[in-house]
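Report on one structure; see the data block that follows.
The values are calculated or read from the model by the stated rules, or taken from the named source; none is laboratory data. On a predicted model such as this, the values are computed, not experimentally measured, just so you know. Cβ: placed from backbone, ideal geometry, glycine included. Neighbour counts: every protein chain shown.
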Amino acid sequence: MDTSLRSRMQQLAQLSDAMPPQAAAWYADGVLYRAAPLMELLAPDPHLALFRDCRQAVTAMLAGVRVDPTNLRRRLKAMMRPERTGEHADLADLILYCAWTSLPPDGGHPDPRRISHAADALWEHLDHLTGAPDGWRAREVDRQLATVRLLTDDNPVEQWERARRLGHDPADLAALARAVSVRQGWALRVDPEVLLPVPPPLRHPGCGEHPPAAYARIVTAGTGHGAALAGYHGTTGKAVPFTARAGDVVTVDCPFGDAEVIRREPDRTWVSWPWTDSPGTGDELPAFTHDPTETWFPIELRPAPGQPAVGERVRVGVSALRVYVLRAYTFTPGRQNWFDKPAEQQLTAMAMLPAGRPATPGGHGAGEFDPYEMPLSVLLEWRAYPFLEPGDLVADAADRELTFHPPLLFTADGEPDRPAWPLRLLRQDGAEPATSAVGAVAAATAQGCHDLVVDAWEKQAQVTLPDDLPLRHTWFQSP
């Protein structure tokens, strides 16, 4: 180990000791986030399923839910072989050991030092496998250093969200997975470039810094005809209603439940309802297509559709997955309170595609589903123009009046146009806007340009939009 790496590891130990106790779960989630692609690409099915369950438990801890880790730790102990170290170490065991350290037996806060030591053993092992001394180990130490510097009481929640999503370079990780696969003789579960798409290059550099993103974690979901999604604002920490809208880049996650194959046709499989404690009342889920090139849904069937026969038991859920929303349908319940206050919008249906997969005009490749019927968790990772609402009327620097349509479209007399910053908010929800809203739009667009927001969206969604403005908008239109 070189002197520089040893010094950075000592600094990491000091900073992690000083980290707020409630930040430890966020720190642990970041370690698991960086290890997840290797588990998804290389691990055997039982190890991968257990790892996913552990990640879901850590995610619940971030939302303030007290998790009883007893069952998970029992399963981890039965599956891990931590005595195998050095050249005899097993990659899946080392990643599971990172999960073990993230779930303390008392259900309290994890120990950052133990997490760091587990991660160090994992990435040192990968250096050994690839013959690159301290290469990946040093990268991981640097990511952990960046993480602990963000996890301070003085930082807003959006910085804590950034901390748990500090990843390694996707192209380098894909190359690492291929090298380990060749070295160990392990088959890759999927093509690494599918799981780790490389973001497109910026098309409009030199326009300024990215505008602020909007963050909100979903903490509760209503029942009935829609889901009222409550979250918190990334900067102020105050509770706010959150409704997904077209273009939102989100992470979706849903615990896997047990189901049974109840019907099968040559190209479709139907299964029973897997979540007994969820708001949904359906007797069965929509059919799973056997052709992966058909309409895409985030819900995953294990084993894959077409393999299990009628009567066989299967698992159904959503692995933590980064997607972008193409359509989100909402309604507003009737005002039923004495003060006639407006009710919050409720989400009734969504259509989305995984990050890295381009849409087709009309978004036909994304199937709609009802998120309120599932125990679904939604994390808003990034939103274009978070300071504007659909239908807002603005005036740009050329004094043109433009109407905003999420995520990136502005129209003048119904025709698409590119706005010139700064923008002035003229009307919101058909009325004179509040002074605070006018100030927020002016401040957010004082520097930079619209094309920069396009670049930022493409980077977050990991796809390239059409240059043609009318064609671009068809991605987010209802078919």
If you scan region 158-174, which residues turn out to be out of contact with any Asp or Glu (no Cβ under 9 Å at 6 or more places or on another chain) and within 11 Å of residue 38 (Cα to Cα)? 173
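Looking only at region 1-14, which residues are small (Gly, Ala, Ser) and either under 29 Å from the mean Cα position of the chain (by Cα) or surrounded by 15 or more Cβ atoms within 10 Å (Cβ to Cβ) (or both)? Don't jump to the end; show me each part of the working.
Of the residues in region 1-14, the ones small (Gly, Ala, Ser) are 4, 7, 13.
The one that is small (Gly, Ala, Ser) and either under 29 Å from the mean Cα position of the chain (by Cα) or surrounded by 15 or more Cβ atoms within 10 Å (Cβ to Cβ) (or both): 13.
Matching residues to (1) without any contact (Cβ under 8 Å) to a residue 40 or more places away in the chain; (2) assigned to a strand (DSSP E or B):
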site: 403; (1), (2): yes, yes
site: 407; (1), (2): no, no
site: 426; (1), (2): yes, yes
site: 436; (1), (2): yes, no
site: 440; (1), (2): no, no
site: 443; (1), (2): yes, no
Reported set for region 157-182 where residues are at pLDDT 85 or above, assigned to a helix (DSSP H, G or I) and of a type in the set (D, E, K, R) is 172, 178
Restricting attention to strands (runs of 3 or more DSSP E) lying wholly within region 212-321, give those where 1 or more residues are among the aromatic types (Phe, Trp, Tyr) and either at pLDDT 90 or above or not assigned by TED's automatic domain parsing to the domain that holds residue 450 (or both). 230-232, 249-265, 268-271
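Conditions tested, residue by residue: (1) within 22 Å of residue 10 (Cβ to Cβ); (2) under 23 Å from the mean Cα position of the chain (by Cα); (3) in a helix (DSSP H, G or I).
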| site | (1), (2), (3) |
| --- | --- |
| 76 | no, no, yes |
| 99 | no, yes, yes |
| 124 | yes, no, yes |
| 128 | no, no, yes |
| 147 | yes, yes, yes |
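How about region 176-192: which of its residues are on the phi < 0 side of the Ramachandran plot and exposed (fewer than 14 other Cβ atoms within 10 Å of the Cβ)?
Quick first cut of region 176-192, residues on the phi < 0 side of the Ramachandran plot only: 176-184, 186-192.
Scanning region 176-192 gives 182, 183, 184, 187, 190, 191.
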May I ask you to say which residue of 52, 8, 84 is in a loop (DSSP other than H, G, I, E, B) and modelled with pLDDT under 90? 84
Using the structure shown, decide if residue 388 is closer than 30 Å to residue 169 by Cα, surrounded by 20 or more Cβ atoms within 10 Å (Cβ to Cβ) and in contact (Cβ under 8 Å) with a residue 24 or more places away in the chain. no
Only one of 375, 422, 416 is surrounded by fewer than 19 Cβ atoms within 10 Å (Cβ to Cβ) and in the same structural domain as residue 352 (by TED's automatic domain parsing). Can you tell me which? 375
Residues in region 101-112: is at least one among the hydrophobic types (A, V, I, L, M, F, W, C) and within 27 Å of residue 174 (Cβ to Cβ)? no
Log entry, pairs with first residue in region 29-42 being among the charged types (D, E, K, R), second being assigned to a helix (DSSP H, G or I) and buried (at least 22 other Cβ atoms within 10 Å of the Cβ), beta carbons closer than 6 Å, six or more apart or on different chains, reads 29/58
Return yes when residue 394 is surrounded by fewer than 19 Cβ atoms within 10 Å (Cβ to Cβ), of a type outside the set (Lys, Arg) and over 26 Å from the mean Cα position of the chain (by Cα) and no when it is not. no
Evaluate the following for residue 17: is it under 25 Å from residue 138 (Cα atoms), of a type outside the set (Ser, Thr, Tyr) and buried (at least 20 other Cβ atoms within 10 Å of the Cβ)? no
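Within the group 37, 69, 46, 110, which residue is buried (at least 19 other Cβ atoms within 10 Å of the Cβ) and over 22 Å from residue 140 (Cα atoms)? Walk me through it before giving the result.
On the way: 37 fails: over 22 Å from residue 140 (Cα atoms); 46 fails: buried (at least 19 other Cβ atoms within 10 Å of the Cβ); 110 fails: over 22 Å from residue 140 (Cα atoms).
So the residue among 37, 69, 46, 110 that is buried (at least 19 other Cβ atoms within 10 Å of the Cβ) and over 22 Å from residue 140 (Cα atoms) is 69.
Out of region 456-479, which residues are closer than 26 Å to residue 329 by Cα and of a type in the set (D, E, K, R)? Talk me through it step by step, then tell me what you get.
Residues of region 456-479 that are closer than 26 Å to residue 329 by Cα, as a first pass: 456-466, 468-479.
458, 459, 468, 472, listed by residue number.
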Quick one: how many residues across region 398-422 are more than 30 Å from the chain's Cα centre (by Cα), of a type in the set (A, V, I, L, M, F, W, C) and within 21 Å of residue 246 (Cα to Cα)? 2
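Criterion first (crowded, with 16+ Cβ neighbours inside 10 Å, within 27 Å of the chain's Cα centre (by Cα) and of a type in the set (Val, Ile, Thr)) does residue 454 satisfy it?
Details: crowded, with 16+ Cβ neighbours inside 10 Å: yes; within 27 Å of the chain's Cα centre (by Cα): yes; of a type in the set (Val, Ile, Thr): yes.
Yes; evaluated as a whole, the condition is true for this residue.
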Looking only at region 122-137, which residues are surrounded by fewer than 20 Cβ atoms within 10 Å (Cβ to Cβ) and touching a residue at least 40 places away in the same chain (Cβ under 8 Å)? 128, 129, 130, 134
